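Beneath this line is the structure, given in structure tokens, with notes to follow.
Every number here is computed from the coordinates shown, using simple stated rules; none is lab data. This structure is a prediction, so every number in the text was calculated from the model and none was measured. Cβ: placed from backbone, ideal geometry, glycine included. Neighbour counts: every protein chain shown.
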Amino acid sequence: MIRETILTTMNSKGDVHMAPFGITVEEDDLVIAPFRPSRTLDNLMDNPHAVVNYTDDVQVFAGCLTHRRHWKTRPAVKVPGVILQQALAHTEVRVTKIDEDEKRPRLHCEPVYNEMHSPFQGFNRAQSSVVEAAILISRLEIIPLEQVEGEITYLSSAVEKTAGPHELKAWEWLMDYLEEFKAHSSKRPGMGFMK
Ligand SMILES: Cc1cc2nc3c(=O)[nH]c(=O)nc-3n(C[C@H](O)[C@H](O)[C@H](O)COP(=O)(O)O)c2cc1C
């Protein structure tokens, strides 16, 4: 099973990096699988610890993908790293084994500390739609644009019906980013936009 989370990593200089990551739950392990190149991977090779943050604040998901990465954090309890302020719960992990791969290595992690902070308030379809749209936006360079737009149209109906102002803002950030991507690719086809 894959849980969609916000992963925080920190290099040995203390520079923090935050990114949405799907974490695979495999028996007692949590597996992080970054596509290269990845700042998350660089940090983990330097300091093999991370914090897996479970949050329903979809602005963090949308924000990290639209150059709004500066969310408040505080120091982790057992590992060199930080906890996202909005985490409902978090798990601090240590990398124990790496399955090397040219494109996407798999980093097996052992949980060393768990903490709950706030209650889960139930599912919300607009929040799920923002997470799905964020995944599409993170893959704009590899998924055909017509497919992205078709899926966005489908997701937008749940946003219209069930979002609060917080989710609407996150959705708006993603849609603005998609428009910028489209404008950029029509002017400079094939030129990298994402990183
Ligand atoms: C919900 C969600 C899950 C994601 N899961 C992964 C993942 O498992 N591996 C990955 O490389 N990128 C994943 N991404 C994309 C990264 O968040 C994004 O590309 C990020 O910038 C990774 O590169 P970085 O480590 O250089 O920041 C995901 C994005 C979203 C919205």
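Some observations on this one:
- Note: relative contact order over the stretch 19-69, using C-alpha pairs below 8 Å and six or more positions apart, is 35 percent.
- Rg and Dmax of the stretch 90-195, both derived from C-alpha coordinates alone, stand at 17.9, 49 Å.
- The chain: calculated mean residue ellipticity at 222 nm from DSSP helix runs of at least 4, using -39500 (n - 2.57): -12000 deg cm²/dmol
- Two-site FRET efficiency, residue 117 against residue 141, from Cβ-Cβ distance with R₀ of 35 Å, rounded to 0.05: 0.50
- Neighbour-limited loop hits for chymotrypsin sites (Phe, Trp or Tyr not before Pro), the stretch 111-195 (at most 15 other Cβ within 10 Å; DSSP other than H, G, I, E, B): 120, 123, 193
- Relative contact order, percent, the chain [alpha-carbon distance under 8 Å, six or more residues apart]: 19 percent
- If you take all other residues with their beta carbon under 12 Å from the beta carbon of residue 12, and give Lys and Arg +1 and Asp and Glu -1, the sum is -2.
- For the listed peptides 26-38, 72-84, a ranking on the average number of other beta carbons within 10 Å per residue, highest first, reads 72-84, 26-38.
- Whether the stretch 46-136 is rounded, prolate or oblate, judged on the alpha carbon gyration tensor where a/c under 1.5 counts as rounded: oblate
- Magnitude of the charge dipole, the chain, Cβ model with Lys/Arg +1 and Asp/Glu -1, debye to 20: 560 debye
- DSSP-assigned coil residues among GluC sites (Glu not before Pro) in the stretch 94-195, each with at most 13 further Cβ atoms within 10 Å: 100, 102, 141
- Alpha-carbon Rg/Rh ratio, for the stretch 6-71, with Rh computed the Kirkwood way: 0.95
- For the chain, diffusion coefficient by Stokes-Einstein and Kirkwood Rh (Cα), 37 °C, 0.692 mPa s, µm²/s: 188 µm²/s
- For the stretch 126-169: rounded, prolate or oblate by the Cα gyration tensor [a/c cutoff 1.5]: prolate
- Reported to the nearest whole Å, the Cα centre-to-centre distance from the stretch 122-180 to the stretch 18-64 is 20.
- By the count of neighbouring beta-carbon atoms within 10 Å, fewest first, 58, 25, 112 end up ordered 25, 112, 58.
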